[in-house]
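Novice: If you scroll down you'll find the structure; I have some questions about it.
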Amino acid sequence: MTTSSLYTDEAAKDRAPVFSGDPLVRRIQDSVRETVHIVRDRAAHAVGIAFDDATLSGRPTPHGSLDHVGTLPPSSPEWLGDRAFGTAHGVRFPYVAGEMANGIATTDMVVAMAAAGMLGFFGAAGLEHQRVEAAVDELTRRLPGRRNWGVNLIHSPGEPGMEERVAAVLTERGVPIVSASAFMSLTPAVVHCSAHGLTTDRSGRITRGTRLFAKVSRPEVAEQFLSPAPRDILNALVADGRITSEEAQLASQVPIAEDLTVEADSGGHTDNRPLGVLLPVMQDLAATVAARFGSPPARVGAAGGLGTPQAVAAAFAAGAAYAVTGTVNQSATEAGLSDAGKELLASADIADVCMAPASDMFELGVKLQVLRRGTLFAGRAARLYEIYQAYDSLAAIPADIRARLERDILRQSFDEAWHTTRAYWLVRDPAEAERAERDPRHRMALVFRSYLGRSSRWAISGEPTRRNDYQIWCGPAMGAFNRWTRDSFLARPEHRSVVQIARNLMEGAAVITRAQQLRTFGVAVPAAAFDFRPRPLS
């Protein structure tokens, strides 16, 4: 019996069992939403797949007959991760576009993600509270009745007043979800966001007015967010009139956060830890703390290094409840980064990143991960921090070093730089300017921080005279993303919408998950089946 005699038309051939080569790769990649049967050709000692019940046990083949080994149900990107995540936040996909600071994660990005059944956070970090307030008002207007959107609250140890003002905006405006990031310990502002709006339903179950995500990379910080709020902070918030005594009582019974985002090696603030090491530690911690307090375990999501479908699939395979992307979204059409900045990102490879001093935590020596290729920012920022550590004031800096700083980095004299910096802080936080008048070393820090802060804004605005000073937060995932999208439609800037990026990463993760499932049944899945290529998705 010949192969051609088994099938009477082309449609039947398309449903025929396949065991190897390109036909097997195509079937795996194009049929993730179909039921697939695993079959064994007895004579050929080969395991393959079929999509038609008629091909199951006893079906004749050129070599004999088939045995039905097993069946996999239809799969879908929507079914990756924890289903409870979708229920809690009203999303179709367990996928989050993270909060890129200084408004790089724009309101347009948040709206696009919400409309596509996903979740996005507005990047409020680094912005004055008036701009945050305007963004929240816009999102409330454009997303009426929706609860799948949120805003970032970043820890600001150098500006606690600013942190508290942003928290007040988020609670007063009823932002449905807040993502707390870069916290090293709990502050009144983040506890305020978590406790605000707590109440009970008719059954006595505690319900949240604000759902809080905690983005963490250290177990000792994670444990604080997985536990109920400290009584002393709650009492202080009640005394200040920021929460009610009833809210404080309820807050003492529930964890501060129900969603814990584990941030591995990522752009911006990062401890550079690998996800494969960090995620299981945090999952175990979440279970341990939940048992201690008798509460359901937090949903533990993954962030950092997720720039390819393989990376996203690996995170879900390791048990992540949801996936969070950041760096790759800076190249999206909706991102608030200049075209010049996006061009630099598009040329990045996996090794084109490095660590540099952080503007918001400069005096603490905290660093963040930035793009190295095409910009001199990292080296110049590191030099400023070295000088800050070596001298007690601007006046103490030797003349030759001062001349180079004024010429190459600040591009103005120390006196001019302080005048500009002082004027900025008199508007943003007068207490900082007053402190700098009394403390010469703090004055030096603020002047140096002005370069770090403006370097990000130059990248956002595309300032042509400062292209060598662009600060672009970037992790190695950007290089992996560029390699994955090369020669595909996503290589074109106009096609890199945040939703197309998300849909392709999730679709690819589902395909790769299916390929691995088939491999566990003994199917000889070619390596090419794990190489999902970007395609327009709707």
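Novice: What number goes with the only condition from (1) farther than 22 Å from residue 467 by Cα; (2) surrounded by 15 or more Cβ atoms within 10 Å (Cβ to Cβ) that residue 409 does not pass?
Specialist: Single failed check for residue 409: (1).
Novice: Of the conditions (1) under 20 Å from the mean Cα position of the chain (by Cα); (2) open to solvent by less than 60 Å² (accessible area, probe 1.4 Å), residue 333 fails just one. Which one is it?
Specialist: Residue 333 satisfies all of (1) under 20 Å from the mean Cα position of the chain (by Cα); (2) open to solvent by less than 60 Å² (accessible area, probe 1.4 Å) except (2).
Novice: Residues of the range 367-397 being in contact (Cβ under 8 Å) with a residue 12 or more places away in the chain and charged (D, E, K, R), which ones?
Specialist: Within the range 367-397, 367, 372, 373, 380, 383, 392 qualify.
Novice: For the range 301-323, give me each residue that is open to solvent by 10 Å² or more (accessible area, probe 1.4 Å), hydrophobic (A, V, I, L, M, F, W, C) and farther than 15 Å from residue 484 by Cα.
Specialist: Of everything in the range 301-323, those that are open to solvent by 10 Å² or more (accessible area, probe 1.4 Å), hydrophobic (A, V, I, L, M, F, W, C) and farther than 15 Å from residue 484 by Cα turn out to be 314, 316, 317, 318.
Novice: Among the residues of the range 88-141, write down those that are among the acidic types (Asp, Glu) and at pLDDT below 95.
Specialist: 128
Novice: Filtering the range 336-345 down to residues that are out of contact with any strand residue (DSSP E or B) (no Cβ under 9 Å at 6 or more places or on another chain) and of a type in the set (A, V, I, L, M), which residue is surrounded by the fewest Cβ atoms within 10 Å (Cβ to Cβ)?
Specialist: Looking at the filtered set, the residue picked out is 340.
Novice: If you take the residues of the range 369-395 that are of a type outside the set (Phe, Trp, Tyr) and either at positive phi or touching a Pro at 6+ places or on another chain (Cβ under 8 Å) (or both), which of them is surrounded by the most Cβ atoms within 10 Å (Cβ to Cβ)?
Specialist: 381
Novice: While we're on this one: I'd like to check which helices (runs of 4 or more DSSP H) are fully inside the range 1-87 and have at least 2 residues that are among the charged types (D, E, K, R) and at pLDDT 90 or above.
Specialist: Working: elements: 3-6, 10-14, 21-30.
Of the helices (runs of 4 or more DSSP H) lying wholly inside the range 1-87, those with at least 2 residues that are among the charged types (D, E, K, R) and at pLDDT 90 or above span 21-30.
Novice: Can you tell me which residues in the range 162-173 are touching a helix residue (DSSP H, G or I) at 6+ places or on another chain (Cβ under 7 Å) and either of a type outside the set (D, E, K, R) or in a strand (DSSP E or B) (or both)?
Specialist: 162, 166, 167, 169, 170, 171
Novice: Select from the range 490-527 the residues that are open to solvent by 50 Å² or more (accessible area, probe 1.4 Å) and part of a helix (DSSP H, G or I) and list them in ascending order.
Specialist: Within the range 490-527, 493, 494, 495, 516, 517, 519, 520, 527 meet the criteria.
Novice: Inspect the range 256-276 for any residue being surrounded by fewer than 17 Cβ atoms within 10 Å (Cβ to Cβ) and farther than 30 Å from residue 474 by Cβ and give the result as yes or no. Can you show your working first?
Specialist: As a first pass, look at the range 256-276 and keep what is surrounded by fewer than 17 Cβ atoms within 10 Å (Cβ to Cβ): 271-272, 274, 276.
From what's left, farther than 30 Å from residue 474 by Cβ: none.
No, that holds for no residue.
Novice: Taking the range 87-101, which residues are touching a Lys or Arg at 6+ places or on another chain (Cβ under 9 Å), open to solvent by less than 20 Å² (accessible area, probe 1.4 Å) and over 16 Å from residue 505 (Cβ atoms)?
Specialist: The answer is 89, and nothing else.
Novice: Continuing with this model, one more query. How do the pairs read when you match residues in the range 164-183 that are closer than 20 Å to residue 219 by Cα with residues anywhere that are modelled with pLDDT under 95 and surrounded by fewer than 21 Cβ atoms within 10 Å (Cβ to Cβ), using Cβ under 7 Å and keeping only pairs 6 or more apart or on different chains?
Specialist: Cβ pairs passing all conditions: none.
Novice: Shifting gears a bit: Might you check whether a residue that is exposed (fewer than 15 other Cβ atoms within 10 Å of the Cβ), small (Gly, Ala, Ser) and either out of contact with any Ser or Thr (no Cβ under 9 Å at 6 or more places or on another chain) or more than 17 Å from residue 442 (Cβ to Cβ) (or both) occurs anywhere in the range 354-364?
Specialist: Checked the range 354-364: no residue is exposed (fewer than 15 other Cβ atoms within 10 Å of the Cβ), small (Gly, Ala, Ser) and either out of contact with any Ser or Thr (no Cβ under 9 Å at 6 or more places or on another chain) or more than 17 Å from residue 442 (Cβ to Cβ) (or both).
Novice: Follow-up. Any idea how many residues of the range 80-89 are touching a residue at least 60 places away in the same chain (Cβ under 8 Å) and at negative phi?
Specialist: Residues meeting the conditions: 6.
Novice: If residue 402 satisfies all but one of (1) touching a Phe, Trp or Tyr at 6+ places or on another chain (Cβ under 9 Å); (2) open to solvent by less than 50 Å² (accessible area, probe 1.4 Å); (3) free of Cβ contacts under 8 Å to residues at least 24 places away in the same chain, what's the number of the condition it fails?
Specialist: (2)
Novice: Working only within the range 210-255, note down all residues that are surrounded by fewer than 20 Cβ atoms within 10 Å (Cβ to Cβ), out of contact with any Pro (no Cβ under 9 Å at 6 or more places or on another chain) and among the small types (Gly, Ala, Ser).
Specialist: 239, 241, 245
Novice: Oh, and also: When the range 71-108 is examined, which residues are found to be in contact with a strand residue (DSSP E or B) (Cβ under 6 Å, 6 or more places away or on another chain), farther than 19 Å from residue 307 by Cα and among the hydrophobic types (A, V, I, L, M, F, W, C)?
Specialist: 72, 85, 91
The values are calculated or read from the model by the stated rules, or taken from the named source; none is laboratory data. Given the structure is predicted, the values throughout are model-derived calculations rather than measurements. We place every Cβ from the backbone using ideal geometry, glycine too, and count neighbours over all the protein chains shown. Note: accessible area is taken over every heavy atom of the protein model, side chains too, but ligands, DNA and RNA are not part of it. Shrake-Rupley method; radii C 1.70, N 1.55, O 1.52, S 1.80 Å.
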